[in-house]
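Report on the following structure.
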Amino acid sequence: MASKPYFSLIYQGVDISSELDPETTAIRYTDNHHGKVDEIDVTVQDKDGRWKGSWKPEPGDTMSLTIFDGNGGILPCGDFEMDEPEASGDRGGDIMTIRGLAAPISKPLRTSKTRAFEKQSLRAIVSKVASENGLTLEGEIDNLTFERVTQRRERDLEFLTRLAEDTGHYFTVRGKRAVFTSIKSVDGRAAALTISHTQVGTTLTHYRLKEQTAETYSKARVKHMHDRDKKLIDEEEEDGDVKTGDTLNITGERVETPAHAKALARSRMHFKNRKRRSGSITLIGDVRALAGVVVDMTDFGKYSGRYLIDRSTHDMSRSGYTTEAELVDARK
């Protein structure tokens, strides 16, 4: 027999789930697939003011959250560092919102830098930046080598996100792990979750699916005059799934070889065209619906097909446990 959903919250190494549960008004876990770190928000009542006093959260405090769906499903949300605890109140009483980020809140990650990486592979560059921030590197990284790559007044997270989007990769930070992996290693996976139209009104409480032609591209073209050789690099890539799109012209970007130009064209076009089909689904709490998971939407007519969860939000409150997933086109 299923039990009601519940959670475990370890705060500074101490399990405070039982302390919090009667006072907790909401827990939200946001799972991001690319370019942003995961987040949690824990909202508690503060009737006696102790959350503003002796229990006041301090930036840098550590938390670990796990969600249990009551049916045997477990979602280990991971480790988080406190960021911007917030006290508020109104006629309904005082509350404290405890926010956490799934990345070290450290100076290197938050400091803008300008520097160059000379004669290094993509993996070597990403590995160096990750190790400087105490992160272990995971993922399938394409074999690309560069004469020079410049980090231009960017924070490390911003730099690695840009590097991923220029080379056909996804990037995120999960606790002490930097996940930098090729698009094909994610979008090309078999579907891990199947959602059928027959579930509407039961486990699927709401869905929205749409297609767009604006800002989608059937071709991408990169033109750059090589700095050293003074030769024009002019490369074009096509997306066979987009029949009526425009050409994405990419100029002003430094590329060293035709292979780099092709990778840039494919990657930039991918991030544009993944919005060709998009939408969202809201489910009775489902721990399987995580960012980076491929979903097979079936019996939705011409909207059926493979989608990628770009972001999922898991909400637990006194009214129950729900999951909302934002979908984009899964493009191999």
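Odds and ends about this structure:
- Total charge dipole magnitude, the stretch 89-155, about the Cα centre, Cβ charges on Lys, Arg, Asp, Glu only, Debye to nearest 20: 400
- Acute angle (nearest 10 degrees) that the helix 122-132 long axis makes with the longest principal axis of the chain, alpha-carbon atoms: 40
- The long axis of helix 258-273 is offset from the longest Cα principal axis of the chain by roughly 40 degrees.
- Helical content alone sets the calculated 222 nm signal of the chain at -4500 deg cm²/dmol, taking -39,500 (n - 2.57) per DSSP H segment of four or more residues and averaging over every residue.
- Heavy-atom accessible surface of the chain: percent carbon and sulfur, 1.4 Å: 48
- Accessible surface for the stretch 223-277, divided over its residues, is 59 Å² per residue with a 1.4 Å probe.
- Excluding ligands, DNA and RNA, the accessible surface per residue across the stretch 1-113 is 52 Å² with a 1.4 Å probe.
- With only the Cα atoms considered, the stretch 188-332 has a convex hull volume of 124 Å³ per residue.
- Taken over the Cα atoms of the stretch 225-290, the convex hull encloses 133 Å³ per residue.
- Taken over the stretch 70-223, the alpha-carbon convex hull comes to 243 cubic angstrom per residue.
- Set Lys36/Lys302; Lys36/Lys223; Lys184/Lys262; Lys272/Lys332 screened for pairs whose C-alpha atoms are more than 20 Å apart: Lys36/Lys302; Lys36/Lys223
- Fraction of antiparallel bridges per DSSP, the stretch 194-318 only, in percent to nearest 5: 65
- Remark: the chain carries a charge dipole of roughly 1080 debye about the Cα centre, counting +1 on each Lys and Arg Cβ and -1 on each Asp and Glu Cβ.
- D by Stokes-Einstein for the stretch 271-324, Kirkwood Rh over Cα pairs, 25 °C, 0.890 mPa s: 199 µm²/s.
- Principal-axis tilt of helix 156-167 within the chain, Cα atoms, nearest 10 degrees: 50
- Translational diffusion coefficient (Stokes-Einstein; Kirkwood radius from C-alpha pairs) of the stretch 33-124 at 25 °C, 0.890 mPa s, in µm²/s: 152
- The packing ranking, built from the mean of other Cβ atoms within 10 Å per residue, places the peptides 277-288, 215-226, 144-155 in the order 277-288, 215-226, 144-155, highest first.
- Largest first, the extents of the alpha carbon coordinates of the stretch 16-82 on the three principal axes equal 37, 31, 15 Å.
The values are calculated or read from the model by the stated rules, or taken from the named source; none is laboratory data. Since the model is a prediction, treat every value here as computed from it, not as a measurement. Positions of Cβ are backbone-derived with ideal geometry, glycine not excepted, and every protein chain shown enters the neighbour counts. Heads up: the accessible areas ignore ligands, DNA and RNA and are worked out on the full protein's heavy atoms, side chains in. Shrake-Rupley method; radii C 1.70, N 1.55, O 1.52, S 1.80 Å.
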